[in-house]
Every structure is written in structure tokens, then in C-alpha cells.
Amino acid sequence: MARRTTKTPPPDDFEERILDIDVVDEMQGSFLEYAYSVIYSRALPDARDGLKPVHRRIVYQMNEMGLRPERGFVKCARVVGEVMGKLHPHGDASIYDALVRMAQPFSMRVPLVDGHGNFGSLGNDDPPAAMRYTECRTTPAAALMVESIDEDTVDFTPNYDGQEREPVALPAAYPNLLVNGASGIAVGMATNMPPHNLGEVISAARHLIRYPNADLETLMRHVPGPDLPTGGRIVGMDGVRDAYETGRGTFKIRATVSVEDVTARRKGLVVTELPFTVGPEKVISKIKDLVGSKKLQGIADVKDLTDREHGLRLVIEVKNGFHPEAVLEQLYKLTPMEESFGINNVALVDGQPLTLGLKELLEVYLDHRFEVVRRRSEFRRGKRRDRLHLVEGLLVALVDIDEVISIIRSSDNAAQAKERLIERFTLSEIQTQYILDTPLRRLTRFDRMELESERDRLTEEIEELTQILESDAELRKLVSAELAVVAKKYATERRTLLMEPGMTPVAAVPLEVADDPCRVLISSTGLLARTANGEALTPGDGKRVKHDVIVSAVPTTARADVGLVTSTGRLLRVAVIDLPILPEASGAPNLAGGAPLAEFLTLEPDEQVLCLTTLDESSPGLALGTEQGVVKRVVPDYPANKDDLEVIALKEGDRIVGAVELRTGEEDLVFITDDAQLLRYPAGQVRPQGRPAGGMAGVKLTDGAKVISFTAVDPSADAVVFTLAGTRETLAGAEEGTAKLTPFDQYPRKGRATGGVRCQRFLKGEDMLLLAWAGGTPARAATSTGAPADLPPKDPRRDGSGVALTKRVSVVAGPV
């Protein structure tokens, strides 16, 4: 069975011809055609107006559509459709992408499209909305690009189907290629040009107009370097100069970063400008990857606080113990916060791709602008000459208007009237036709005066235009003046800072804070801080301030840990590097700049921090005294992998009233009870025990009595004992009571677990001690709020009665 076919059979006179073509020749020719099409029609900008064909067609078509800055917005889809249907026979996606880029202030130094809607974000972290949602119109800068395009200033060429015409290049009232830059990949070549400052580029162009032989060094005084839309800092100008000289060069762009206090205790790096085309999401992602792989240290957190009101704000919190400057250097090396930009100034000149330096780029633009202004002047002169010709003919007719009217009325038709007027007044055919078309109402005396004024004005303008066309100096002067007007109206301040390598911070700062000696302090109001060195703080003789009573202090180093002993028998570990540094490293102690304990610890209800310890296992260890008279010396055994340790096994209902880290082990341990008994004995009488142990008898208590103070005192130092007596009814906060300050050497040593000696005699109505303390001098007192309070004068009698205080004392402490 024969197979059916739908193909039309060839005609009878058809002669089959097969051409043999070498595949190498065919591939070479086809590839060259393709390469030329990509280079000339798609990928490379024209050096005259700085636009690729798609950008030029968008700007031109938007101008043809009347989408000027003072008009309303229209949907981007409509613009894309017009451009695609009339001028650019390619996909709508490529047209819309080009339109979006021209509307992005972070991509263009001087945007050409005024966008309304979501046109994307820096680094394309947030893609633009679809073209059916966004709207657009041209900007004033785009209006300058097409200014006077209808005055025969540029050549036009047929579009892809020959039904429309499009400009070969736009008039371009400013050097757009240098101002906005360009990037594109063609076949065998590419272009990558950074944006520049409009005012600087125009200044260089005007200088070149005045001094055509100016050298590169002079031009770079006007254009010192690129000015990127996103700001940032250009580090190293050698590559920029190479690019301006040869058309090729490389420079580095760094983010603009400042070191700020981002929290109460932590510094951070605040990024306000990123390198060109780099978005915050890219930086955040890279930082997280590096931190996760442990290639980047010192980063605590990264937050993107960018908003429309404040602009870009990327906060990188730095861990305590790391120098922010050193962390920043690591970020520059490992993240997109420092990027290289390779300049490759390839642009089309007379249809040929050339690599151009700064001077060549300016010269090509100026030659184009000279030609535009010359053609515009010729067009305007021709228009004015044509108008002057008509005005002169009308004035001739007005001289003898009656005769003109008589000739017209007596003529058989318009053609005869036209011939008779030409013969009678020696007019041209155009002038005669204009007279016949002019309404009678314009032939009044007033209109004649207007015509004479117009004739004089036209004559003057023609002379000026002729002078421009006949004088190269006048032409250059006019171009320079027009550029100056553009710069005055549209120039903005430079955004990118230019820096030589020596101006950047030297990466000699170590990454981590050195493990230098320091002291950790805790105030009577529960504020923690550390000093900048290991020197001891001594109370000064000047005026006292709040929070100047230090209840505990230990020497340590910046990268070590310290322990805080609480009234429930816990030892809590805290990193020294996390503590704020006091503004003064020596002199009178003042912890007003310290941080509250609650920022580092979570305490139980009624749990109090009593003292600090160094966690040094070579020290004599801690000495603890409890409310029920138990004493314990703790063997310094603190596992590094635990942050919460138990240092004593307390009996039910007992609590620690005092804790101190022994310095030498030769100190005297001092118990003071609420029934005014003081017991003093050497620390050597207490055998050190492990952390789980419950301690041993420290002081013998009478019925109903309890310990209110436990301290350790150096017997060789000058020390005092402070006691405050009152009644049980006023214990909760009354200000009544009498206080006594007695030299410590007035109290004799006794044996451990004995009853001690009396330290204050109660007056009538007093039945207990409200507060007691023993320690070195000078001693300081404070109220419950940390405000300074005065101590009574010393009383040599150990069992004497107290004196009234002017301000209630809540805490007493000695030197640290």
C-alpha cells in the first residue's frame, strides 16, 4: 500500500540544485555574523550616549509615549510592549530587566527611569515585581538624553521590519557612559565600566573643551575616581589610574563600617554602605557559613536592620574578647564586604569596539556633542530662515494691503491671484501662498508691529546661530555652557570615599583581646565590672559617689573565668571578658558603669551573691561561714566544664552569711553574731574539705542567736570592726540604732567553735546587732541604694556602746 503524503509535488520545470559548501567556511561566516550582531546590537554600549540598543530604545520609546517627568506613571508592561513591538524584537524579560536596572538608584548613579513599585533591592536579594504591577516614567536625566532629538541632531535608521525609525544614538546632554557606567558580555570581549560623579565628569569635559591637549593627570584632578551609587570606599588608586590611562585596571571596594556599642556590654560593626552590586543577604549568608565552619571567629550575631527611613544598616555583633577592628579585617578578607572591580572600558566607536581611557571617552563624547549642537544649530537656523522669509513676504504685502486685496478680488481663481501677486511684489511662491492663507484679521496695524518685532528677533537669532556654526570657538563655548547648566542642576555630592592603602587601618591588631592582668569587682549594689589592669583600687580622699563601695574583688586576667559564691552555697562561673571595663583603671573605685548581676546570672528568690573567687586551684581556697555557725574551707577544685557548682552541703534552714577567698591562708577568720559576740581565730584551725562536704563547727551560738557576719582579716594589717545595734522591731528597715567602730586588735584570738567576746554593749531598748563587719582600713559605708554614708569615729573600747548615725548604713567594706 502506497504511503500518502501532503507535500506539494514540484512543478514540471523545477530544476534541483544542490550547492556544496565547506562546513568550515559556513561556520566561520555564520559565527562572525552572530558575533558582530551581539557586539553591535546587544552587549556593548555606544561611546557617544553610553547606552546599549535596548536601553536606548526604552528611553526613546518612553519619550515618544510622552512619559515625561511631569506626567503620570504608566504600567511597565505597556512600555515593554511598545518597545518590543516597535523597536526591540527580543523577549520581554530582557527588556523589563533593562528597564528595572535603569530605575534602581543602587545600580545607576543617575537613574533614567522613575519607578513606582517594587523594583528590587541591592544585590537582588528581593527581586522586582512583575511588570504588570510596577509603573514608570522618565526622569529629568532621561529627558536630557533625548533633548532636541526632534531637531535633526542625530541620525535615524529603520527598525527591524522597516515600519518604524529609531535613533542611532541619543543627543545625550551629559556623558552618560562615564556617569552611569556599563557592563556586558559580548563574543570574545566584555565591558565593565564603573559609574562616576556627574559634576566631576562634566568638570573634566569642560576642562578638555578649553584645553584639548590636557594630560591625564590634569583630568584626574577633576575625576579622581569612580563614584559608586552604593558609596563604599575604594582602596588603592593605582588600578584606577591604569584604567584611566589604558582602559583596563582593577581596584578594591570596601564596605563603610563603624564600630559602635550595639548593646550595653557588646560592641559591633555597623555596615552602612556595601560594595557595588553586593547585597546584605549575600554578606549575611557568607558570614554564617564561615562562622559555622569555624573559619571566622569573634562574631556573636548578625542583624539586618535596613529600612526605607535609615537605609542600609547591617549590624554585626562582636563577641567580648575580640577586637572589632581585627574582626573587620577578617570580614574584608573572607566576605563580600571587600570586592574587586575590574575596569574594562570597551565601547563602540563608529561601530567598532575599542578599549578607551578616560581622555578618549571624554573626547568621543565631546565630538558627538559638538556634532549634535552643530546639527541642532543648523536645524534651528533653517527654521528661522524659513520663518523670516514668510514674515518678510507678509510685511511686503502689508505695505500696500489695499492693492493686495484688490488683486486677489479681481483674480478669477487662486492660481491667477498667486501669479499676479508674485509678478507685482516680486515674492516667492512660498511667500505668496502664505499671504493667501493668512486671515484678514492678522493684517491690522498691531500685527504689523508684531511682525516687524519678530523679523528683528529672527534676524538676530540667525546671526547668533550663524556665528556658532562658523566659529569653532563659539561652538565649544556653547557646549561647555550647556554642560555647566546640567552640572549645576543635577550634580550631587560624591558618595564613594577614595583611599590610598596607607589610609586604611593596619591589620596589626590581634584578633582576640590579650590576656592581660585585671581585677574583677562587685559593688554593694550588685554591679559587676573589671579594670583595665591588675592594679588594686584604693579609696581616694575626694568626694564620694554612688556605687563606690566594693564588697569583693579578685585579681585575674581578661580571658579567664571568675566564680561568684551565693548565699545558697552555689558557685557560678562568669567570663571576665564579658564584663564592662571601668573608665578609670586606677584611683578611687566607682562601679557606676558596671553591669547588673542579672545580666550574667539567674538567681533564686532571696539568693544573694556574697563574693568573687578566682577559680585558681593553687590558691588557699574559699572560706565560708553560715548563719548557724558552720565554717568551711573549700579545696579549690572547680571543673572547667561546669558553670554551676556546689561548694558546701548546707543543713536545712541554713544559709551562707559570708564568703571570702583566702590570699595566704594565714588570715584570721571572724564570726560576729546578732547577740554581739565576736570570735576570731586563725584560718589554719580549719581543715580544707572537698566541695560536697558540709563544713565544721565554727562558732558556739547561744540559744536564739545566729551569725550575721563572716569575714577573713589579715592580722598584720590595720583593721576595724563595725557594729550597728538596734531592736528586732526595727530590723526590716528602721533608721534607729547606734553604731560603733573599734580597732580589730582589741579583740583577742580564741579557739574554733568557742563563744567569742562581746563587741558592743546594748543601750536601753537595743537587743540585737543589725549589721556587723570586720576588715581592713580605710573602711567605707553606703546606704541600700549605694549612696555614701559616714562611719562613726573609732572607739577603743571593744565592748562599749554605739553612737547614733545621721544616715542608715546598710553595708561596710574595706580596700580592694
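Quick note: the coordinates plus some simple rules give every number you see, no bench work behind them. Keep in mind that this is a model prediction, so the values were computed, not measured. Glycine gets a Cβ as well: all are built from the backbone with ideal geometry, and neighbour counts include every protein chain shown.
Where the only charges are on Cβ atoms (+1 Lys, Arg; -1 Asp, Glu), what is the dipole of region 517-813 about its Cα centre, to the nearest 20 debye?
It comes to approximately 620 debye.
Show me the three semi-axes of the equivalent ellipsoid for region 361-490, from the C-alpha gyration tensor (sqrt of 5 times each eigenvalue), largest first, rounded to whole Å.
The equivalent ellipsoid of region 361-490 has semi-axes of 42, 15, 11 Å.
Can you give the calculated 222 nm mean residue ellipticity of the chain, where each DSSP H run of n ≥ 4 adds -39,500 (n - 2.57) and the sum is split over every residue, rounded to the nearest 500 deg cm²/dmol?
-9000 deg cm²/dmol
Suppose every Lys and Arg Cβ carries +1 and every Asp and Glu Cβ carries -1, with no other charges. What dipole size does region 51-171 come out with about its Cα centre, to the nearest 20 debye?
For region 51-171, the charge dipole is close to 280 debye.
Please sort 17-28, 246-257, 666-677 by packing, taking for each peptide the average over its residues of neighbouring beta carbons within 10 angstrom, highest first.
Highest mean packing first, the order is 666-677, 246-257, 17-28.
For Ser552, what residues show an amide H to amide H distance below 5 Å, using hydrogens built from the backbone and excluding near sequence neighbours?
Residues meeting the amide H criterion: Ile522.
Using a simple spin-label model with points 7 Å from Cα along the Cα→Cβ vector, what separation in nm is obtained for Gln467 and Met65?
Going from the Gln467 label point to the Met65 one covers 4.3 nm.
Considering the options Thr557, Ile462, Ser121, tell which one lies farthest towards the positive end of the dipole of the chain, charges being +1 on Lys and Arg and -1 on Asp and Glu at the Cβ, about the Cα centre.
The Cα lying farthest towards the positive end belongs to Thr557.
What number comes out for the charge environment of Leu32, summing +1 per Lys or Arg and -1 per Asp or Glu over other residues with Cβ under 13 Å away?
-3
Once phi is turned into ³J(HN,Hα) by the Karplus curve 6.51 cos²θ - 1.76 cosθ + 1.60 with θ = phi - 60°, what whole-Hz value does each residue of region 483-496 show in order, with x for glycine and proline?
5, 5, 5, 4, 5, 5, 8, 10, 5, 10, 5, 5, 9, 8
Restricting to the chain, compute how many DSSP beta bridges are antiparallel as a %, nearest 5.
Expressed as a percentage, antiparallel bridges in the chain total about 95.
Using a 10 Å cut-off on Cβ atoms, rank the peptides 415-423, 781-789, 159-167 from the highest mean neighbour count down.
Ranked by mean Cβ neighbours within 10 Å, highest first: 781-789, 415-423, 159-167.
Stokes-Einstein at 4 °C, 1.567 mPa s, Kirkwood radius from Cα pairs: D for region 53-150 in µm² s⁻¹?
Values: Rh = 13.2 Å.
Stokes-Einstein gives a translational diffusion coefficient of 98 µm²/s.
Which whole-number percentage describes the relative contact order of region 624-734, with Cα contacts under 8 Å and a sequence gap of 6 or more?
Computed over region 624-734, the figure is 37 percent.
Highest mean first, what order results for 169-176, 187-194, 350-357 on Cβ atoms within 10 Å?
Per-residue mean Cβ counts within 10 Å order the peptides as 169-176, 187-194, 350-357.
Of Val520, Ile58, Met237, which is farthest along the charge dipole of the chain in the positive direction, counting Lys and Arg as +1 and Asp and Glu as -1 at C-beta?
Ranked along the dipole, the leading option is Val520.
With +1 on each Lys and Arg Cβ and -1 on each Asp and Glu Cβ, and nothing else charged, work out how big the dipole of region 664-813 is about its Cα centre, in Debye to the nearest 20. Please report the intermediate quantities before stating the final value.
Details: 19 positive and 17 negative charges, 59 e Å.
Charge dipole, region 664-813, about its Cα centre: 280 debye, nearest 20.
Counting only DSSP beta bridges with both residues in region 664-816, tell me the antiparallel percent, nearest 5.
95 percent
Starting at the first residue of region 512-522, write each ³J(HN,Hα) from the Karplus equation 6.51 cos²θ - 1.76 cosθ + 1.60 with θ = phi - 60°, in whole Hz, x for Gly and Pro.
Karplus-based 3J(HN,Hα) across region 512-522 equals 9, 5, 5, 7, 7, x, 7, 10, 9, 10, 9 Hz.
As a test of the definition: which semi-axes, in Å, follow for region 257-342 when you take the square root of five times each eigenvalue of its alpha carbon gyration tensor? Largest first, please.
Whole-Å semi-axes of the equivalent ellipsoid: 19, 17, 11.
Can you pull the one-decimal nm distance between simple spin-label points at Glu403 and Glu652, each 7 Å off the Cα toward Cβ?
Each label point is offset 7 Å from its Cα along the Cβ direction, giving 14.0 nm.
May I ask you to work out the translational diffusion coefficient for region 286-381 at 25 °C, viscosity 0.890 mPa s, via Stokes-Einstein with Rh from the Kirkwood sum over Cα pairs, reported in whole µm²/s?
It diffuses with D of about 133 µm²/s by this estimate.
Enumerate the amide H contacts of Gly120 below 5 Å, restricted to partners 5 or more residues apart or on another chain; note that Pro and chain-start residues carry no placed amide H.
For Gly120, whose amide H was placed from the backbone, the distant partners under 5 Å are Ala129.
Among (1) 35.6; (2) 36.3; (3) 27.8, which one is Kirkwood radius over Cα pairs in Å computed from these coordinates?
(1)
Could you go through region 386-398 in sequence order and give the Karplus-derived ³J(HN,Hα) for each residue, using 6.51 cos²θ - 1.76 cosθ + 1.60 with θ = phi - 60°, rounded to whole Hz, and x for Gly and Pro?
Each residue's phi maps through the Karplus curve to give 4, 5, 4, 4, 5, 5, 5, x, 5, 5, 4, 5, 5 Hz.
With an 8 Å cut-off on Cα pairs and a minimum separation of 6 or more residues, tell me the relative contact order of the chain in percent. Spell out each step's value before the answer.
On the way: 1690 pairs, mean separation 70.4, N = 816.
Worked out over the chain, it gives 9 percent.
Counting alpha carbon pairs within less than 8 Å and at least 6 residues apart, what relative contact order, in whole percent, applies to region 512-583?
Averaging sequence separation for qualifying contacts and normalising by length gives 37 percent for region 512-583.
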